[in-house]
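Here's the structure we're looking at; comments come further down.
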Amino acid sequence: MTNTTTPLHRQRRWPRWLRRGPMEIVACVVITAGLVMMLQPLAMVLYTWSFVTTLFGTLLFMVVSKFPE
């Protein structure tokens, strides 16, 4: 009788886009967008949402840093 199931470590692999590396880059881009929104002098609405965006990016980075490699 042959073993047709895949090994346990293959079944538990996360999708490639949910791993730490790509998601940390996304979090850094969100933080950078928040900082650019905060420092631009053109639109008040961007400045208004800049703190929330930076905070969301920071929280995202803290959560994503717990993801597997």
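The values are calculated or read from the model by the stated rules, or taken from the named source; none is laboratory data. All values derive from a computational prediction rather than experimental measurement. For neighbour counting, all protein chains shown are included, and Cβ atoms are generated from backbone atoms with ideal geometry for every residue, glycine included. Each accessible area value is taken on the protein alone, full model and side chains, heavy atoms only, with ligands, DNA and RNA left out. Shrake-Rupley method; radii C 1.70, N 1.55, O 1.52, S 1.80 Å.
If you filter the range 1-35 down to residues that are assigned to a helix (DSSP H, G or I), of a type in the set (D, E, K, R) and open to solvent by 100 Å² or more (accessible area, probe 1.4 Å), you find that the one that is modelled with the highest pLDDT is 16. Taking the conditions (1) of a type in the set (A, V, I, L, M, F, W, C); (2) loosely packed, with under 12 Cβ neighbours inside 10 Å; (3) not in a helix (DSSP H, G or I) in turn, residue 63 satisfies each one other than (3).
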